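**Q** Please see the structure below; I have some questions.
No value in this document is a laboratory result; all are computed from the given coordinates. Predicted model, so just to flag it, every value in this text is computed and none were measured. Positions of Cβ are backbone-derived with ideal geometry, glycine not excepted, and every protein chain shown enters the neighbour counts.
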């Protein structure tokens, strides 16, 4: 399989046990470029799970989604940078000061770490944005606004849905890495995701990385499922 395609694939480790993690990383290290740890695993195991995965000599994306007052996120970012993760996230809704202080603290500890800003969750849609969150800008406008904050704050990239990729590329060119969750291979269920495309569609529109979980995790043959996704990306 092409290394280029592998490096664009991030597997969301939305599972519950260390044994499952070790087994999947062992099986999929040749087909998945980066393994994502989110709240589910980190709440159960803490930093230990990062060390477990890093022992396999693979890259780790800690999807922390930090969102708090600036001083708290700054210290958290510094700590995370010391764990050896390759990428981590914070919510851009935390504002410019939070973004800048967290980025500076993380890069001071580890200058190679990629610091990413989450724009809007892929489970949200325009109706929720306006009626529940009181945000009057339409969904794409809000994503661009938040990505602009990320750029001003010096972040390496943003997390956004596949439906905003082209608009982000028009506004920011290659200044920001685009990490796209909620991607579903052909024939897969959308689950709770509202804004989704296939891996091929997302990459063609300009995504640098696609994040995929259940289509691989729920497969009877995760290796075969990962290979099929790589074939989609390469197609």
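**Q** For every helix of n ≥ 4 consecutive DSSP H residues, a contribution of -39,500 (n - 2.57) applies; sum these over the chain, divide by its total residues, and give [θ] at 222 nm rounded to the nearest 500 deg cm²/dmol.
**A** -13000 deg cm²/dmol
**Q** Separation between the residue 126 and residue 4 pseudo-spin-labels, each 7 Å from Cα along Cα→Cβ, expressed in nm?
**A** 3.6
**Q** Per-residue counts of other Cβ atoms within 10 Å, averaged by peptide: what ranking do you get for 111-123, 43-55, 9-21, highest first?
**A** By packing density, highest mean first, the sequence is 111-123, 9-21, 43-55.
**Q** Over the Cα atoms of the stretch 122-223, how large are the radius of gyration and the largest Cα-Cα distance (Dmax), in Å?
**A** Rg, Dmax (Cα atoms, Å): 14.4, 44.
**Q** Another one. Could you give me the radius of gyration and the Dmax of the chain, taking only the C-alpha atoms into account and expressing both in angstrom?
**A** 16.9, 46
**Q** Let me check against my output: what whole-number percent is the relative contact order of the chain, with C-alpha pairs under 8 Å and at least 6 apart?
**A** Rounded, it is 19 percent for the chain.
**Q** Next question. Among 218-231, 137-150, how do they line up from the highest to the lowest mean number of other beta-carbon atoms within 10 Å?
**A** Per-residue Cβ counts within 10 Å, averaged per peptide and sorted highest first, yield 137-150, 218-231.
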